[in-house]
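Here's the structure, in structure tokens; my notes come after.
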């Protein structure tokens, strides 16, 4: 979503707060489903994803007036989301839920080639360290560049590269040989 | 031919892309936002799994005077913590005289700085001639050699490094990346000597301190804490729910009494346990015990409430309260450690600013570091830490 007009008295006669709420509501409508999917991939649990997303959206709402560049809202929202996911893990007084492979309601789509490969890969993702998992989700699901991923996570591009490399190594180590494209070259 | 990157992306999209999700309406988002805003205004900061209570003797601020110039005795005062104390306005004193973290710099007690090759270091401690390091948003512990080259990197699910009183041995936790098989490692801080390992009896556990050649381990998710020996022997400390520190010479373990606090009141009971008998020496309802003073004669307790955090210092053997003070309203204490037997260092966050603050046991403060910006929403990691401990 990209808007350049900040809420103000000139916006259709609405008050500033009404205009802000209208703008934020439009953002929710456009981006909430995608953010929830990302939250699920980060947490591995539907309910945790909903909790994390609700808190992240609330923090985004509190900061909405400070986000001057509306084109950067998505990056900002993702950053809050990743941090909320991390906070979930760092709360010592909450019993930590192990990531499960429960899927959101509705059967996941299986392409014709998927003979359990997808499930095996998802299991790999769920056992990755938190940062590596966030890098994988942002790079390969959100399709962010290395630089964009680094900015969202507040880390260097070098760390993005090294985390990606380790995740791919883990993938090769833990998935069937059939998944290793190098095997196909034999 | 699909690359591994393609396979990752396809697997993730297959997992979520074809599902319908309920949508959170604006009203619920706004309601949550209001709760967050109220929580921020209160400025509550938890230093452990503690909530709540009563206020104590107010904080004595001696701007311009260091703690070494004996502050005036606190007079009886209203039970309201000082307000409108800005972190940046607190006088700057000497830097910490124990090891601390300044971003990715490990600063030794003598001031020597080592820049560690990580973003956002959360814990670091010398080990085997190099360093053990953990970083923000990453559940791995990395061993670096003396040239700061990575020797190994392993997952862990617990927290904390523990160093023996004589400084010669260091303990740290690892696990498999699915958090199974928690393992305790103990090795020589300087690098002379072998490392021994033993299974930990608790998931998500970390070392808290040494008792001779054994290590006390504790977990926030499971209890009771336990003492693990190099032969794999395990002795549970059933009187405690959580252990927070160990006084090795006296054989005392500080922590929280076993038994969940009331779900309504969430008021814990701090306790000091005699490890030789396994029984509590004394307990103190409402207080969370943090750590023993370097000489072991005192133990620090904390209570968090709406106005800030109250602190008390107790005789470690009898529980007699020796000192009590409160931090100013809006000061969130994220880590506290004894600098010496008369001073504490605290990582303080106020609004969007953080600093290390030094306090006497009567509450006179000065800053021990410059201030640095901190933006919780922007995800900026806290800059300061007090090694080898972690950010909670």
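List of remarks:
- Look at the stretch A:139-151: the mean tally of other chain Cβ atoms within 10 Å of its residues' Cβ atoms is 2.
- Principal axis extents of the Cα atoms in segment B:125-214, from largest to smallest and rounded to whole angstrom, are 31, 31, 20.
- Simple spin-label estimate for residue B:3 and residue B:370 in nanometres, 7 Å along Cα-Cβ: 4.1
- Segment B:197-250 shape via C-alpha gyration tensor axes, a/c threshold 1.5: oblate
- The stretch between residue B:322 and residue B:352, if pulled fully straight at 0.36 nm per residue, gains 7.5 nm over its current Cα-Cα span.
- Förster radius 60 Å - calculated FRET efficiency between residue A:30 and residue B:297, Cβ distance, rounded to 0.05: 0.45
- Cα gyration tensor, segment B:116-165 - rounded (a/c under 1.5), prolate or oblate: oblate
- At an R0 of 41 angstrom, the distance between the Cβ atoms of residue A:156 and residue B:235 translates into a FRET efficiency of 0.40.
- Neighbour counts of other Cβ atoms within 10 Å put B:175, B:297 in the fewest-to-most order B:297, B:175.
- Relative exposure of B:334, B:292, B:220, judged by other C-beta atoms within 10 Å (fewest first): B:334, B:220, B:292
- What the Cβ-Cβ distance of residue B:112 and residue A:165 gives, at R0 = 41 Å and to the nearest 0.05, is a FRET efficiency of 0.80.
- With semi-axes defined as the square roots of five times the eigenvalues of the C-alpha gyration tensor, the equivalent ellipsoid of segment A:12-91 measures 25, 12, 11 Å, largest first.
- Segment A:116-181: radius of gyration and largest Cα-Cα distance (Dmax), Å: 11.9, 35
- Extended-chain gain in nm, criterion 0.36 nm per residue less alpha-carbon gap, residue A:173 and residue A:15: 51.1 nm
- Per-residue Cβ neighbour rank within 10 angstrom, fewest leading, A:66, A:59: A:66, A:59
- The simple spin-label model puts a point 7 Å past each Cα toward its Cβ; for residue B:92 and residue A:143 those points are separated by 4.9 nm.
- 10 Å Cβ neighbours from other chains, averaged over peptide A:53-59: 6
- Residue by residue along B:23-36, Cβ atoms of other protein chains within 10 Å of the local Cβ number 6 on average.
Readers should treat all values here as calculations from the given coordinates under stated rules, not as data from a laboratory. As the structure is a prediction and not an experimental result, all values here were calculated from the model. Using ideal geometry, Cβ is built from the backbone for each residue, glycine included, and neighbour counts are taken over all protein chains shown.
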